[in-house]
1. Which percent of the accessible heavy-atom area of the range 7-121 goes to carbon and sulfur, probe 1.4 angstrom?
2. Take every Cα pair under 8 Å in the range 7-121 that's 6+ residues apart, average their separations, divide by the length, and report that relative contact order as a whole percent.
3. Would you tally the net charge around MET99, using a Cβ to Cβ cut-off of less than 13 Å, leaving MET99 out, and scoring K and R as +1, D and E as -1?
4. Restricting to DSSP H runs of at least four residues, report the calculated mean residue ellipticity at 222 nm for the chain, -39500 (n - 2.57) per run over all residues, nearest 500 deg cm²/dmol.
5. Can you give me the solvent accessible area of LYS34 with a 1.4 Å probe, rounded to the nearest 10 Å²?
6. How big, in percent, is the set of alpha carbon pairs in the chain lying more than 21 Å apart?
7. Treat every Asp and Glu Cβ in the chain as -1 and every Lys and Arg Cβ as +1, leave all other atoms uncharged, and give the resulting dipole magnitude about the Cα centre to the nearest 20 debye.
Amino acid sequence: MSEAVSRLDGGCLCGAIRYRLNGPFLFVSQCCCKDCQKATGTGHTTIIGVPGPQLQILAGTPKTYTSRGDSGGDVVRHFCAECAGRLYTSGTLPGEIVMIQAGSLDEPWQITPESVIYVKDALPWDKFDPALPRFEALPDRN
Ligand SMILES: [Zn+2]
Ligand SMILES: [Zn+2]
């Protein structure tokens, strides 16, 4: 997948919060879940999964909002209190994974989505690359 990219920087719209993401990345997915739709105001969000320690906050402190995920655990969304720019999601996810909002990267074209997840919630007008594997919810973990 994105092994070629070993480090990516990003931040919010106003620039108050800056972060650095160190590879390798676990997955890059289009997430169509209803929570992502509500949190972003769009049809889906593009997320990059990495182990938590691979995300460094360089400047600023994100505000958080915690909701309950469909597996019953906490889902914590991190965003800028000033410009409302979405940055990443953490919580009681398997293996202490954080999921970065790909659009907050300085160079978002560097990553390539490799799957579509939570297709069960996808909206009819939200279209995806037909070559990507699709999962009703999360991919099976092995
Ligand atoms: Zn901001
Ligand atoms: Zn989602």
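1. Here it works out to 52 percent.
2. The normalised contact order for the range 7-121 reaches 33 percent.
3. It works out to a net charge of 0.
4. It lands at -1000 deg cm²/dmol.
5. 130 Å²
6. Beyond 21 Å sits 39 percent of the P(r) for the chain.
7. It comes to approximately 280 debye.
The values are calculated or read from the model by the stated rules, or taken from the named source; none is laboratory data. Because the structure is predicted, anything quoted here is derived from the model rather than measured. Here the Cβ is made from the backbone with ideal geometry for all residues, glycine too, and neighbour counts use every protein chain on show. Side chains included, ligands, DNA and RNA excluded: accessible areas come from the protein's heavy atoms. Shrake-Rupley method; radii C 1.70, N 1.55, O 1.52, S 1.80 Å.
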